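Engineer: My structure is below; once you've seen it, I'll send some questions.
The values are calculated or read from the model by the stated rules, or taken from the named source; none is laboratory data. Just so it is clear, the structure is predicted and the values come from calculations on it, not from any experiment. Heads up, the Cβs are rebuilt from the backbone with ideal geometry, glycines too, and the neighbour counts pull from every protein chain shown.
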């Protein structure tokens, strides 16, 4: 809840000087730097000047809002206001005089936000907002009480001293500008010298880069030519060896058959080495092509099972593929995924003399990727060698290794292929127990590893006709996925963004964004300043913003203009209800926000019935579950109507009604009592401030409309009601 620091009464020109002095003092005590102090005091004086010599007395009141850093300085200028700005009150466009336009334009340039509110028409109130500089410590209630006392003891200066102070500020600003100009001249001279050196360095780097480029091209050409030149004779050797072994030109002797078999085996090993070398060279040169396609993991496992079962030369080893039911369809390069898993299985079979080789797949990383796992009961790998095996041409010395010696390029190639697909490769192993080789592959391949939330470029989401785009600024992929599931089969389409930078880009690309769901903790910065910017710019201030965050500081978010605030986790009904209400209001023909109705009731079922009746007659509903919470909300939002239960555990409705009447802000708000209690004459006498009484047993559309008529609420059109599809229905 906002804390009031001090108040200045505005009647005459001298009061504007006092308001400027107070603004500077408050800004200084809150830790603002000199230039910000001047900006705040100037904005306050410019706006306060338009309230001079009016028929009614105006006030300038300073508040501090926020339970977390950075906190917000709020300045209310106009008639006396409640202790916090009405975060859900209606905002109205207003045609103003040139004096007002000039003052508002100046204030918007100097402060983070500046807005006009007509909470008590026709007299306006202007709210100025400035986010405090980053502090390591928070202003607590005790700190604020001390600040308030200190400000109260400060004596205002006379106008001559204030003019002298303004002149000093102007001279100081001119000195700073002169120093900056001299610094710019010095920097320009240094930059010119640096540029000459950089140009010479670039020329040298270009020459060396050209040499490296030619060397890389020569290496790639050599490997390509070598692979081609080697493959042709190797294929011929393997084909001729097979003919000899088949006895096409006569039966070989046992010794000849053994010799030809050695020739064939050596040729196969050499061909495998050439193929792996060529693949690695292509990856390093960036010339390997990724061809994404959709495929099912079950079909991939089926093909691998048929391909690799012939390698099981010993009956003591079983090759087991686990069930893949429930796994999604992958959209990536099937051939390269198959090559990685095939290499894992081939190695596992080679180094497993007995037991089994088990192949499995499951969802990982919050559902954004699939993990493939090949587990064997083979010889295992020492922990010190587990990174060594991913180096090219590296092999571990072991009797089995010597018997089935390979090229030492398979695992390095697997790691490079996985990284090319946006994934990774890992191993867990114990000597004598076995190994598990795994690879993590994203469900959807995105070029250049441009994963939402971690990327430099935003994923383009094609717009769907008839659906309203909702910008989701959230860095956690699993939370974005949850919101997207919430929007399934609704009128809303999710536009994901993982950072504020991506959110800005999404707004630029999608001018039809209907609402924003915003997290506060984001990878590039906290979202408070961006929220203030959104609500301070004419082009975006109309867009509803709903904060859903783990940071518990709702008052600060509402003060900066957020339409609602929720602590994670958020329920689907809460989010969809707020979006439908806000977007329906923005898309309405009259462009005026619905009147706010506040429910104070501890029974969830009764609140549901009341909310349904109220929303069907055009109200925006705010719910509270007890007396203290309800009183606080009433003072904060100043609703158009209050529905009050009488039987509540900590504070009865009678006491709530009395507290509402004692406060100038809520005294004029009409109250309808909703109760199941049997009322005596004494009770009815205590409820004389209530406009109407509804029995909870009579919570029907007819009873509700009758209570509105008794309360003389002309806030909604009682002659027609809007149905859920937007059509008008006569009662």
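Engineer: Could you go through the range 5-15 and let me know if any residue there is in a helix (DSSP H, G or I) and free of Cβ contacts under 8 Å to residues at least 24 places away in the same chain.
Structural biologist: Filtering the range 5-15 for residues in a helix (DSSP H, G or I) gives 13-15.
If we keep only those that are free of Cβ contacts under 8 Å to residues at least 24 places away in the same chain as well, we get none.
No, the range 5-15 contains no residue that is in a helix (DSSP H, G or I) and free of Cβ contacts under 8 Å to residues at least 24 places away in the same chain.
Engineer: Can you tell me which residues in the range 329-338 are surrounded by 17 or more Cβ atoms within 10 Å (Cβ to Cβ) and either without any contact (Cβ under 8 Å) to a residue 24 or more places away in the chain or assigned to a helix (DSSP H, G or I) (or both)? Before you say what the answer is, go through the steps one by one.
Structural biologist: First pass over the range 329-338, keeping only residues surrounded by 17 or more Cβ atoms within 10 Å (Cβ to Cβ): 330, 332-334, 336-337.
Matches in the range 329-338: 334, 336, 337.
Engineer: Pick out the one residue from 367, 371 that is modelled with pLDDT of 90 or more and farther than 18 Å from residue 305 by Cβ.
Structural biologist: Answer to the check: 371.
Engineer: Pick from 578, 607: which is touching a strand residue (DSSP E or B) at 6+ places or on another chain (Cβ under 8 Å), part of a helix (DSSP H, G or I) and either in contact (Cβ under 8 Å) with a residue 40 or more places away in the chain or closer than 23 Å to residue 659 by Cβ (or both)?
Structural biologist: So the residue among 578, 607 that is touching a strand residue (DSSP E or B) at 6+ places or on another chain (Cβ under 8 Å), part of a helix (DSSP H, G or I) and either in contact (Cβ under 8 Å) with a residue 40 or more places away in the chain or closer than 23 Å to residue 659 by Cβ (or both) is 607.
Engineer: Scan 180, 214 and give me the residue that is surrounded by 10 or more Cβ atoms within 10 Å (Cβ to Cβ) and within 42 Å of the chain's Cα centre (by Cα).
Structural biologist: Going through 180, 214 in turn, the sole match is 180.
Engineer: In the range 544-554, what count of residues is obtained for those that are in contact (Cβ under 8 Å) with a residue 24 or more places away in the chain and touching a strand residue (DSSP E or B) at 6+ places or on another chain (Cβ under 6 Å)? Let's see the steps before the verdict.
Structural biologist: Step one: list which residues in the range 544-554 are in contact (Cβ under 8 Å) with a residue 24 or more places away in the chain, which gives 544-553.
Filter once more, so that each one left must be touching a strand residue (DSSP E or B) at 6+ places or on another chain (Cβ under 6 Å): 544-548, 552.
Qualifying residue count, the range 544-554: 6.
Engineer: Specify which of the listed residues (392, 387) is within 29 Å of residue 290 (Cβ to Cβ), in the same structural domain as residue 302 (by TED's automatic domain parsing), surrounded by fewer than 19 Cβ atoms within 10 Å (Cβ to Cβ) and modelled with pLDDT under 75. Step through it out loud before you land on a result.
Structural biologist: On the way: 387 fails: modelled with pLDDT under 75.
Among 392, 387, only 392 is within 29 Å of residue 290 (Cβ to Cβ), in the same structural domain as residue 302 (by TED's automatic domain parsing), surrounded by fewer than 19 Cβ atoms within 10 Å (Cβ to Cβ) and modelled with pLDDT under 75.
Engineer: If I ask for residues that are crowded, with 20+ Cβ neighbours inside 10 Å and touching a helix residue (DSSP H, G or I) at 6+ places or on another chain (Cβ under 6 Å), which ones from the range 1-16 would you list? Can you show your working first?
Structural biologist: Here is the first cut: in the range 1-16, the ones crowded, with 20+ Cβ neighbours inside 10 Å are 2-3, 5, 8, 10, 15-16.
Correct list: 3, 5, 8, 10, 16.
Engineer: Anything in the range 633-665 that is farther than 22 Å from residue 608 by Cβ and in contact (Cβ under 8 Å) with a residue 60 or more places away in the chain? List them, or say none.
Structural biologist: Listed by number, the residues that qualify are 635, 636, 638, 664, 665.
Engineer: As an exercise: evaluate residue 699 against (1) under 19 Å from residue 607 (Cβ atoms); (2) in contact with a helix residue (DSSP H, G or I) (Cβ under 6 Å, 6 or more places away or on another chain); (3) modelled with pLDDT of 85 or more and give the number of the one condition it does not meet.
Structural biologist: It is condition (3) that residue 699 fails.
Engineer: Could you tell me which residue of the range 329-354 is modelled with the highest pLDDT, considering only residues that are in contact with a helix residue (DSSP H, G or I) (Cβ under 6 Å, 6 or more places away or on another chain) and farther than 30 Å from residue 366 by Cα?
Structural biologist: It comes out as 349.
Engineer: Quick one: count up the residues across the range 310-328 that are surrounded by 11 or more Cβ atoms within 10 Å (Cβ to Cβ), modelled with pLDDT of 80 or more and touching a helix residue (DSSP H, G or I) at 6+ places or on another chain (Cβ under 9 Å).
Structural biologist: 7
Engineer: With respect to residue 25, determine if the residue is surrounded by fewer than 16 Cβ atoms within 10 Å (Cβ to Cβ) and more than 30 Å from residue 552 (Cβ to Cβ).
Structural biologist: Details: surrounded by fewer than 16 Cβ atoms within 10 Å (Cβ to Cβ): no; more than 30 Å from residue 552 (Cβ to Cβ): yes.
For residue 25, the condition - surrounded by fewer than 16 Cβ atoms within 10 Å (Cβ to Cβ) and more than 30 Å from residue 552 (Cβ to Cβ) - is not met.
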